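These notes are about the structure you will find just below.
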Amino acid sequence: DSSGYCKARARLDESFLKEIRSMVAVHARRRVRTTDLWHGLTPKAIDGTSVRLMDTLRNQKTYPQPCQQDPGCGFPVMGLVGVLELSSGCIVGHHDSELKSHDLEGTSQLMGCFGPEDIMLGDRAFCSHGLIATLLKGGTHSVTRLHQGRSKALRWKREKGLDKDSVLVEWKRTPKPTNRSQFSPEQWSALPKTMKIRLVRVRCPGR
């Protein structure tokens, strides 16, 4: 019977939990060694996930259940995008939204998690001109998997070769930002019109 645990957990104040998280993060960062960094940079992974919530009217309204489930047969699901600092093992920030929201839509709320001497690691969902340019402006480097839209248009042999497995390409800023990027027209026009990107190909035996 887990009722005793659930009742005790419900009595914990949210501000108290945030204070504990902050104390743990400070302690963990003090234990970071030089060998935990990558060429002096702090690696921070960003990714999305989801969490099933209690079936309440408030949760159903704010975080609707997946559309493929019949009404009354499922639970509300909250989408999450979080930033994990790999050198310390701490989650340094997160943003919640509806499950149907794209992972990229929450990144504007997480820019404070990145700074100089950081390197952002993400999957192809975060291979965005706007995101990479914004992070670079603040001194943060990026490594992501190439977005499928860009990989289809890539002509590897026509690009400037750096070595047999990497090329230098130039990305051009599109006239308007996408809806997912959450940039205002003014913010978008302030980004550089072109950006040099190094593409590296690797061969993996499996996933």
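The values are calculated or read from the model by the stated rules, or taken from the named source; none is laboratory data. Worth saying up front: this structure is predicted, and the values here are computed from it rather than measured. In this analysis, Cβ positions are derived from the backbone assuming ideal geometry, glycine residues included, and neighbour counts consider all displayed protein chains. Just the protein is used for accessible areas: all its heavy atoms, side chains included, with ligands, DNA and RNA removed. Shrake-Rupley method; radii C 1.70, N 1.55, O 1.52, S 1.80 Å.
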Of L41, L37, the only residue that is over 30 Å from S189 (Cβ atoms) and touching a strand residue (DSSP E or B) at 6+ places or on another chain (Cβ under 9 Å) is L37
Looking at the range 58-77, is at least one residue touching a strand residue (DSSP E or B) at 6+ places or on another chain (Cβ under 7 Å), assigned to a loop (DSSP other than H, G, I, E, B) and closer than 20 Å to T144 by Cα? no
Picked from the range 81-91 (must be touching a strand residue (DSSP E or B) at 6+ places or on another chain (Cβ under 6 Å) and surrounded by fewer than 18 Cβ atoms within 10 Å (Cβ to Cβ)), the residue modelled with the lowest pLDDT is I91
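Among residues belonging to the range 94-122 that are assigned to a loop (DSSP other than H, G, I, E, B) and under 19 Å from L41 (Cα atoms), point out the one that is most open to solvent (accessible area, probe 1.4 Å).
Looking only at the range 94-122, we keep the residues that are assigned to a loop (DSSP other than H, G, I, E, B), and these are 99-102, 114-117.
Restricting the remaining residues to those that are under 19 Å from L41 (Cα atoms) gives 114-117.
Working: F114: 27, G115: 13, P116: 93, E117: 110 Å².
Within the range 94-122, the match that is most open to solvent (accessible area, probe 1.4 Å) is E117.
Mind listing whichever residues of the range 22-56 are of a type in the set (S, T, N, Q) and either within 25 Å of E98 (Cβ to Cβ) or touching a helix residue (DSSP H, G or I) at 6+ places or on another chain (Cβ under 9 Å) (or both)? Lay out the reasoning, then the answer.
We begin by selecting, within the range 22-56, every residue of a type in the set (S, T, N, Q); these are 22, 34-35, 42, 49-50, 56.
Passing the criteria: T42, T49, S50, T56.
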Inside the range 42-64, the number of residues satisfying the requirement of being free of Cβ contacts under 8 Å to residues at least 24 places away in the same chain and either loosely packed, with under 13 Cβ neighbours inside 10 Å or in contact with a Gly (Cβ under 6 Å, 6 or more places away or on another chain) (or both) is 6
All-but-one check, Q182 against (1) within 16 Å of I46 (Cβ to Cβ); (2) at pLDDT 80 or above, failing number (2)
Over the range 5-41, the set of residues of a type in the set (A, V, I, L, M), assigned to a helix (DSSP H, G or I), under 21 Å from P116 (Cα atoms) and touching a residue at least 24 places away in the same chain (Cβ under 8 Å) is A25, A28
Subset of the range 133-163, residues open to solvent by 60 Å² or more (accessible area, probe 1.4 Å) and among the small types (G, A, S), comes to A153
- Just wondering, is there one or more residues in the range 47-55 that are in a loop (DSSP other than H, G, I, E, B) and either among the basic types (K, R) or closer than 25 Å to R124 by Cα (or both)? no
